[in-house]
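The values are calculated or read from the model by the stated rules, or taken from the named source; none is laboratory data. Owing to the predicted nature of the structure, the values given are computational and were not obtained by experimental measurement. No Cβ is skipped: glycine too gets one built from the backbone with ideal geometry, and neighbour counts run over all protein chains shown.
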Amino acid sequence: MNRLPNALLRRVGLLALAGLIVVSGIGFPGEARAADNPRTAWDFFVGKGLTAEQTAGVLGNLAQESNINPLAQEPGGPGRGIAQWSTGGRWDTTANANATWYAAVTGQNVWSLDAQLGFIWWELTNISGYGLAQLRASSTIADATVAFQDLYERCGTCHESTRISYATNYYNQYAGTTPPASNTQVHETADNSGWQPLPVASIVASKVSAVLRADGTKIIYSVRDGYVYEAASNAGWRNLRVPNLDNVSAVSAIAFNGGTILYTIRAGAVWESSSVDWRPYAVGYNGSPIYADAVSAVLRADGTRIVYTMRDGYVYEAGSNAGWRNLRVPTLSGVSALSAIPYNGGTVLYTIRAGAVWEAGSGNWTPYAVGYNGSPIYGSGLSAISLADGTRIVYTVNNGRVHEAASNAGWRNLQVPNLSGVNSVSAVNAGGTKILYSR
């Protein structure tokens, strides 16, 4: 949707790329647009698996729409936010599919950049008509820009050439660059210590997966700047880089045969490597790699290694006993996070869908909302464990706080004390002691 005269929009976009523009004087409320909004948006979409050309196409459109300013309001019109969603429609009215609703169910401010980027991805992965398939099929900046323009923005007067120009500028600025690190300190906290968080040595990371080895050693695998590191409780948490693994965006660890196995996402594809020699092997079926945005691995009771992956809002299952044939898990869509546990000889999946937590078992994959007395549990991230007595426990992160809900307490959701400012959590059952590793 075109919001300003083309000449002014061209000037706005070019100044924005130089980080010079103040938006409040041209109808956008608030202070100057944060200089790193384009960089944040770039890293977000690249992190979802879009190519540099496709990401540039998205940003070119958002620059035309709003200068990538989440506070943008169309002067005298209905457009709101970075994509200029319309009031009375996709901004605040469309049933269970509007930006205001999405922000509420995910515990965010609708005017925040994070919430609006998340909603774009939610729409793309949940509403087929908004063109994610066509965007992913685009191999050039121009094709990607037009795909997003025509199917997602659905503008009237589009000024297509201007959008492509902005997209090209962003491509030239960001393609091939390394995203700034979002590493934070890892903390350990346990229920038998009153949930008092303690920093784990000097480990900082953007992702973390913890595992209890057969000998009782607690091991943390963390991702920092694309590399994987291993730290063990029996070695004073000395943090050592795992060889052969680079360009990693996600990690999930399992205990196996007295050691550990890592499942990582590298350049969008899933890889397996064992602590025996850390040699990475591509996980796939008949030579076809498994591509994913997120991964959660489990060791089933019969010794089968199962990898659950998420891509474009759908969940897939691949088992080592079936040659890693990758099958879509039915009934699950619109998924933004997942955590799997072995249970009763099978597996149970916990997913976040539209901000709420759902449980589905491998017996029939029927999803059930996880909540207490009819109140759903909301979160942006989660980690699940099971106890020896069969109790299933889900830890969720919501607005920087960690909450615990247990199946034997009707999923009553209680805040874990002393933890705030948390981005993600990985839970471990250490002989009945519940331990959280958070960052």
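Things worth noting here:
- Apart from one condition, T145 fits all of (1) at pLDDT below 95; (2) under 18 Å from V46 (Cα atoms); (3) assigned to a helix (DSSP H, G or I); the exception is (1).
- Filter result for Y372 (under 23 Å from T304 (Cβ atoms), surrounded by fewer than 21 Cβ atoms within 10 Å (Cβ to Cβ) and aromatic (F, W, Y)): no
- Test for Q134: is it within 23 Å of the chain's Cα centre (by Cα), touching a residue at least 12 places away in the same chain (Cβ under 8 Å) and not in a loop (DSSP other than H, G, I, E, B): yes
- Single residue of the range 379-393 satisfying the filter (assigned to a strand (DSSP E or B) and among the β-branched types (V, I, T)) that is nearest to N408 (Cα to Cα): I393
- Residue match in the range 169-192 (condition: of a type in the set (A, V, I, L, M) and without any contact (Cβ under 8 Å) to a residue 12 or more places away in the chain): no
- For the range 326-339, the set of residues classified as in contact with a Gly (Cβ under 8 Å, 6 or more places away or on another chain) and over 15 Å from A297 (Cα atoms) consists of S333, G334, V335, S336, listed by residue number.
- Test: residue in the range 212-225 that is surrounded by 16 or more Cβ atoms within 10 Å (Cβ to Cβ), at pLDDT 95 or above, among the basic types (K, R) and closer than 24 Å to N183 by Cβ: yes
- Checking A32 against (1) at pLDDT below 95; (2) surrounded by 24 or more Cβ atoms within 10 Å (Cβ to Cβ); (3) of a type in the set (G, A, S), the condition it does not meet: (2)
- Scan of the range 107-127 for residues that are touching a Phe, Trp or Tyr at 6+ places or on another chain (Cβ under 7 Å) and outside any helix (DSSP H, G or I), ordered by number: G107
- Any hit, the range 418-439, residues being outside any strand (DSSP E or B), charged (D, E, K, R) and touching a residue at least 60 places away in the same chain (Cβ under 8 Å): yes
- Breaking point among (1) among the polar types (S, T, N, Q); (2) under 25 Å from E188 (Cβ atoms); (3) out of contact with any Asp or Glu (no Cβ under 9 Å at 6 or more places or on another chain); (4) surrounded by fewer than 16 Cβ atoms within 10 Å (Cβ to Cβ), for N408: (3)
The rows are residues; the columns are (1) within 29 Å of Y378 (Cβ to Cβ); (2) of a type in the set (A, V, I, L, M, F, W, C); (3) at pLDDT below 95.
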{"residue": "W278", "(1), (2), (3)": "no, yes, no"}
{"residue": "Y281", "(1), (2), (3)": "no, no, no"}
{"residue": "G287", "(1), (2), (3)": "no, no, yes"}
{"residue": "A297", "(1), (2), (3)": "yes, yes, no"}
{"residue": "R305", "(1), (2), (3)": "no, no, no"}
{"residue": "G323", "(1), (2), (3)": "no, no, no"}
{"residue": "A340", "(1), (2), (3)": "yes, yes, no"}
{"residue": "I352", "(1), (2), (3)": "yes, yes, yes"}
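- The condition of being surrounded by fewer than 16 Cβ atoms within 10 Å (Cβ to Cβ), out of contact with any helix residue (DSSP H, G or I) (no Cβ under 9 Å at 6 or more places or on another chain) and more than 26 Å from L198 (Cα to Cα) holds for only one of T366, T351, that being T366.
- All conditions in (1) farther than 28 Å from D36 by Cβ; (2) buried (at least 19 other Cβ atoms within 10 Å of the Cβ); (3) touching a Ser or Thr at 6+ places or on another chain (Cβ under 7 Å) hold for A190, with the sole exception of (2).
- So D150, is it in a loop (DSSP other than H, G, I, E, B) and either among the acidic types (D, E) or without any contact (Cβ under 8 Å) to a residue 40 or more places away in the chain (or both): no
- Residue check for T157: buried (at least 19 other Cβ atoms within 10 Å of the Cβ) and polar (S, T, N, Q): no
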